[in-house]
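The values are calculated or read from the model by the stated rules, or taken from the named source; none is laboratory data. In this text, all values refer to a predicted model and were calculated from it rather than measured experimentally. For neighbour counting, all protein chains shown are included, and Cβ atoms are generated from backbone atoms with ideal geometry for every residue, glycine included.
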Amino acid sequence: MRHIRSSGNASTEGKMIAFFKAHRIKGWQRNYKIYGKPDFVFRKQKTAVFLDGCFWHGHDCRNTRPAQNAEYWQKKRARNMARDADVTAHLEKLGWTVIRIWECELKKKNENILNEKVQVLLSKINSQ
């Protein structure tokens, strides 16, 4: 599994930025200093958006379970999922809304799922 590398999530972030621009969603910031390091923050609405890679964060949308060194990757993904739950709970305790978007939801065929999640964000933006 040495060939599996985290290459950042520039492509998923780029897709999300394009989605925000296409739907005229404004007010987001990147690299905002807050617990858990969300990919996007809507500070006025106290909303944190995380773009979670399906492999790294344990989504079973496709065959993302490696055959080699399976025990290591199972533990690694379990740690990531536990950390994600901790970050979400911590931010919600501080009054933040947390939206987690899976990498696969940024694909055209899953745009309806993405739209549903973004409706939460839009309702917060429109209420202010």
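Filter the helices (runs of 4 or more DSSP H) completely within the stretch 9-128 down to those with at least 3 residues that are free of Cβ contacts under 8 Å to residues at least 12 places away in the same chain, surrounded by fewer than 12 Cβ atoms within 10 Å (Cβ to Cβ) and among the aliphatic types (A, V, I, L, M).
Numbers: elements: 10-22, 54-57, 70-93, 111-126.
Fully inside the stretch 9-128 and qualifying: 10-22, 70-93.
Hey, LYS33 hits all of (1) modelled with pLDDT of 90 or more; (2) under 14 Å from the mean Cα position of the chain (by Cα) but one; which does it fall short on?
(2)
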